[in-house]
Amino acid sequence: MRLQVLAAHPSPVDSDPMLLFAHMVARGAVIKLGQAATSALAWSPAEQQQQQQHKRRASAAAAEMVWLTRQITHFSYFTVHPFLPDPLACAIGFFNAERGVSSNATLPDDVAHLVRVLKNLQSVNSLARAHSCEVFRHSRG
């Protein structure tokens, strides 16, 4: 798995915006795989264990995404990768799906941080603006 390759050569992600993006894209892929596995309708009893494993991995990847996002403060918003909003939106969507978004729900600190970073990127990134519109539309119900 590519995450193992990234982990095998540890480098501080707070010093390289492309390395940070690579880690975030990898976690986003794990989240998407977990979402696809849990959305499959017909799982045999033997496959249900794999489904739960994918779900646990997706949850861990989303938590790691929050940690990675906290490293963005070491960079200027102009130096982060232009597609960074994609994995951010992926993690926000995962957390929202897990907790069941309602119009009066307050965001947990981790999700609020992801939303804040996405919102801060809006001024320099049109993809962030598009994802922000989508996130806010879904959070209103």
Taking 0.36 nm per residue of separation and subtracting the Cα-Cα distance, what length does fully extending Asp109 through Glu134 add?
7.0 nm
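Quick check: residue separation of Ala40 and Trp67 times 0.36 nm, minus the Cα distance between them. What number comes out in nm? Please report the intermediate quantities before stating the final value.
Working: separation 27, 0.36 × 27 = 9.72 nm, distance 2.89 nm.
Stretched out fully, the Ala40 to Trp67 stretch lengthens by 6.8 nm.
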Go through the range 90-98 residue by residue and turn each phi into a ³J(HN,Hα) via Karplus (6.51, -1.76, 1.60, θ = phi - 60°); whole Hz please, and just put x for glycine and proline.
4, 5, 4, x, 4, 4, 5, 5, 5
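Every read-out reported here was derived from the displayed coordinates using simple, explicitly stated rules and does not represent laboratory data. This structure is a prediction, so every number in the text was calculated from the model and none was measured.
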